[in-house]
Amino acid sequence: MAASISEDKVINVLRPWLGPVILDHTSLAREAAHLLRQYSPFRKSLDELRDEIENHIFNALHRHLGVSMSVRFENGSVKRIFIRDIEIITDDLMGVLFDSLSVYSVNYELLNAYALSHASLSSLRVLYQRFSEWMSEAERQKLVSVITDTYPPERYKAWLASP
């Protein structure tokens with residue numbers, strides 16, 4: 001169980017995507033934090049959790065926004081939320097869980113397997129930032145290459161050392 005996952009951490013991930021209007025008027029952040037806190041590898045896989053969170057986000061947004069899936073921010077701007085956005089939001093929320101994992105071999109193997117089977121920048125980030133001691137130099141270089149070849153720089157420039 002990931003007890004260190006707070007609603008505030010989830011809000012910080014969701015705010016750039018959804019703004020304060022939705023976060024203040026729905027229970028989306030509280031419910032997502034609850035789902036993340038309830039994770040246990042003995043009860044469900046990371047894949048199952050990811051699917052559960054993705055479905056929860058989509059359903060909550062669809063309920064609140066309707067078919068337009070358009071978010072209005074405090075400054076008056078409007079942003080439409082697409083399925084790809086929900087996938088990225090889900091991955092960012094999974095990153096909150098990944099950040100809470102203790103650094104030891106079982107979690108390294110779990111996270112590495114997840115990163116190999118999903119387009120998950122959050123899992124790659126946590127492997128790079130917290131589990132790099134478990135990798136050889138060649139594996140670290142390959143990890144950096146995968147990140148820089150797959151994702152736009154604005155998604156990783158804040159935490160990835162210059163390749």
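Annotation note: Cβ proximity below 6 Å between a residue of the stretch 91-102 that is outside any helix (DSSP H, G or I) and a residue that is surrounded by fewer than 19 Cβ atoms within 10 Å (Cβ to Cβ) (sequence gap 6+ or interchain) occurs for LEU101/ASN107.
Looking at the stretch 65-78, is at least one residue touching a Phe, Trp or Tyr at 6+ places or on another chain (Cβ under 8 Å), among the hydrophobic types (A, V, I, L, M, F, W, C) and not assigned by TED's automatic domain parsing to the domain that holds SER132? Explain how you work it out, then say what you get.
At the first step, the residues of the stretch 65-78 found to be touching a Phe, Trp or Tyr at 6+ places or on another chain (Cβ under 8 Å) are 69, 71.
Subsequent filtering for residues that are among the hydrophobic types (A, V, I, L, M, F, W, C) retains 69, 71.
Narrowing the set further to residues that are not assigned by TED's automatic domain parsing to the domain that holds SER132 leaves 69, 71.
The answer is yes; a qualifying residue exists.
Residues that are in contact (Cβ under 8 Å) with a residue 40 or more places away in the chain, out of contact with any strand residue (DSSP E or B) (no Cβ under 7 Å at 6 or more places or on another chain) and not in a helix (DSSP H, G or I) do occur in the stretch 22-43, at least one of them.
For the stretch 32-48, a residue qualifies if it is over 16 Å from ILE88 (Cβ atoms) and crowded, with 16+ Cβ neighbours inside 10 Å, and the qualifying residues are ALA33, LEU35, LEU36, ARG37, TYR39, LEU46. Under the condition of being over 13 Å from the mean Cα position of the chain (by Cα), surrounded by 12 or more Cβ atoms within 10 Å (Cβ to Cβ) and of a type in the set (A, V, I, L, M, F, W, C), the residues counted in the stretch 112-145 number 7.
The values are calculated or read from the model by the stated rules, or taken from the named source; none is laboratory data. Computed from a prediction, not measured in an experiment: that's the story for all the values here. We place every Cβ from the backbone using ideal geometry, glycine too, and count neighbours over all the protein chains shown.
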